[in-house]
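Okay, so here's the structure we're looking at.
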Amino acid sequence: MSALRRHIHPGWALVAPFLLLVAALYLGPILNILWLSVTDPEPGLGNYQKLFESDSLLRIFWTTIRICLITTVGSVFLGYSIAYAMVHCHEKQKSYMLTLLLVSFWISILVRTFSWLMLLGHRGLVNNALEGMGVIAEPIAFMRNELGVLIGMIHYMIPYAVLPLLVNMQSLDMRVMNASRNLGATGSQTFWRIYLPLTTPGIVASSLLIFILSLGFYVTPAVLGGGKVLMIAEYISVQLLVTLKWGTAAMLAGLMLFGVLAMLYIMSRFMKLSTVFGGSS
Amino acid sequence: MFEANSDKGSLQVRDVSKFFGTFCAVNGVDLEIQRGEFLTLLGPSGSGKTTLLMMIAGFLDITSGDIALDGTSISGVPAEKRNFGMVFQGYALFPHMTVRDNIGYALSVRKRPEAEIREKVDEMLDLVQLVDFADRKPGQLSGGQQQRVALARALCFEPPVLLLDEPLGALDKKLRVEVQDQLKDIHKRVGTTFIYVTHDQEEALSMSDRIVIMRDGAIEQVGTPYELYEKPANEFAAGFLGKSNFLQRADGVYALRPEKIDIRASGTGEGEPRLSGTIQSITYFGSMQRIMFLTNGGEELEVDIDSWRNRDPLEEGQSADLYWDKGAAVKLEG
């Protein structure tokens, strides 16, 4: 008993209630979900088997991954441009840009999603204006399709792309870029051969972050997809609330959980590597 | 072996000024730099030496005046077209590339054939004695080795002029002396014009063909290390390059180097002493001793003497006489 007391720091006694609370309220339900995926409606791997048998499930998986990939590429590309502009403009303009970025970061996802409907919807501002000017005869279908989902998701994700890239770019030594110019490299040569490789850790970090966040997107696809674009999160909610197939929902949730954990593992490997690369110049 | 650009590399700086807003960083500098010369810009921080170098490199625009290479103006030529090699403060090596790729970068962006780049890089690796480190990344090298990679990278495309911005600043003192010798040796072998920026007067004295002493954006004095040390033009030059005592006399101010003074116990020297007074303090430095001396007239002087000559030791508080040779005290301008 005394030996035990010597090994366990008394501070743990203070933390223990909260640890137990977290375990009971967080780990418990997660384990329960995983348990459900192999027991409901009957014990076995039947739910996972469905993945290979059901065409619609496969289609949803494919749609989700496709939308997440396009969102990642789009928002990292735009975020890279914004971060680059922020790092290389004047201090004052930079703080304006950061403020605007954070404001859009803080606005509720619902508000941002519905604003897109008002702007780009069938009777939205843009279509009305274009029709009024006689540029188009029929409204352009921006919303209630995959394009709408992509516009909404990319817009929502841009701040998540900018912030890791901004940190990465700010840590670069600009003398290295000057050295490249001094050695005769043109602007684009310097970018492709020096700047881009040195910002790769930031690109990887923001890509993984956005891909993982996109996987769980629910509101934007539901509103801007108009029911035509079904992603996993929405499908899970349908299984839970409408068809009451908890086993299938639990299986999909479990797959997403492990997918995200696997990517986080890759990310942690990459971040360690990046400090090795960028540690000294 | 390395072939120097023997017909190129003289640089003319004509009445160059640089303003940042209303602040004048460089003020009307005129300078003729000879081909193959080792020229040092020496000055305290804020003297404009780095700004001048950055204008020569093309990283900063000049506000007025002109810079010319071999008589042709290069003021409007962007940095990447000037073909000047440069060794940056902190080296600025490409951290994601191997030593070989760092050194070959200038040739590679000029789209030279692979075989030629390889041959040239091997030559440079040999010149800076880094043959065994070709496949390492800069992060795996010591400071001195990184410095040599930076030098090789800047020399690889045979620039007519090499600019060096405090290249030894990050090295410890012992290594610095070693690298100074290597730099001098490399300068001799490649014959490129070196323009070297430093605030370290010892570095400037031991390496340069000529030194430019700068203060507040203007040139104070230009000359060989010998000229500057023996005949400083003004108080700033005398005080910044080595140490000096300043003697106020009726006809002006004289600069007198501490090591040119001989000190003897009162009444024991030959001839008429130049000054008499009391020893305030003696600090022992091994090979030499620094004596703070207060004359009877109230002037404070520093006297450096070789320790071996102080065999019959002088003591603090003792009265003593000072002697120096005719011409040791130099009259300053203005």
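Before we move on, is B:LYS111 surrounded by fewer than 23 Cβ atoms within 10 Å (Cβ to Cβ), without any contact (Cβ under 8 Å) to a residue 40 or more places away in the chain and within 19 Å of B:ARG189 (Cβ to Cβ)?
Numbers: surrounded by fewer than 23 Cβ atoms within 10 Å (Cβ to Cβ): yes; without any contact (Cβ under 8 Å) to a residue 40 or more places away in the chain: yes; within 19 Å of B:ARG189 (Cβ to Cβ): no.
The answer is no for B:LYS111.
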Some residue of the range B:153-169 being in the same structural domain as B:GLN34 (by TED's automatic domain parsing), in contact with a helix residue (DSSP H, G or I) (Cβ under 6 Å, 6 or more places away or on another chain), β-branched (Val, Ile, Thr) and modelled with pLDDT under 95 | no
Is it the case that some residue within the range B:263-276 is in the same structural domain as B:ILE305 (by TED's automatic domain parsing), more than 29 Å from B:GLY36 (Cα to Cα), touching a Leu at 6+ places or on another chain (Cβ under 6 Å) and of a type in the set (Ser, Thr, Tyr)?
-> no
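Name every residue in the range A:35-61 that is under 11 Å from A:THR248 (Cα atoms) and among the basic types (Lys, Arg), in order of residue number. Spell out the reasoning first.
Our first condition is that a residue be under 11 Å from A:THR248 (Cα atoms); within the range A:35-61, this holds for A:36-41, A:45-51, A:57.
Correct list: A:LYS50 only.
State whether the residues of the range B:179-188 include one that is assigned to a strand (DSSP E or B), closer than 22 Å to B:PHE88 by Cβ and of a type outside the set (Lys, Arg). Even if it seems obvious, please write down each step before you answer.
Our first condition is that a residue be assigned to a strand (DSSP E or B); within the range B:179-188, this holds for none.
Among the residues of the range B:179-188, not one is assigned to a strand (DSSP E or B), closer than 22 Å to B:PHE88 by Cβ and of a type outside the set (Lys, Arg), which makes the answer no.
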Are there any pairs with C-beta distances below 6 angstrom linking a residue in the range A:168-184 that is at the interface with another protein chain (Cβ under 7 Å from one of its Cβ atoms) to a residue that is surrounded by 21 or more Cβ atoms within 10 Å (Cβ to Cβ) and of a type outside the set (Gly, Ala, Ser), with the two at least 6 apart or on different chains, and if so which?
-> A:ARG175/B:PHE88; A:ALA179/B:PHE88; A:ASN182/B:MET86; A:LEU183/B:TYR105
Applying the selection to the range B:291-315, what residues are among the acidic types (Asp, Glu), more than 16 Å from B:ASP262 (Cβ to Cβ) and assigned to a loop (DSSP other than H, G, I, E, B)?
-> B:GLU299, B:GLU315
Any chance the range A:273-281 includes a residue that's modelled with pLDDT under 90, under 30 Å from B:LEU155 (Cβ atoms) and of a type in the set (A, V, I, L, M, F, W, C)?
-> yes
If we scan the range B:39-49, do we find a residue that is more than 14 Å from chain A (Cβ to nearest Cβ), buried (at least 16 other Cβ atoms within 10 Å of the Cβ), modelled with pLDDT of 95 or more and within 17 Å of B:PRO159 (Cα to Cα)?
-> yes
Residues satisfying the stated conditions in the range A:56-101, i.e. of a type in the set (Ser, Thr, Tyr), under 19 Å from A:PRO197 (Cα atoms) and without any contact (Cβ under 8 Å) to a residue 40 or more places away in the chain | A:SER81
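The values are calculated or read from the model by the stated rules, or taken from the named source; none is laboratory data. Note that this is a predicted model, so its numbers are computed, not measured. Reconstructed Cβ throughout: ideal geometry from the backbone, glycine too, with neighbour counts over all protein chains shown.
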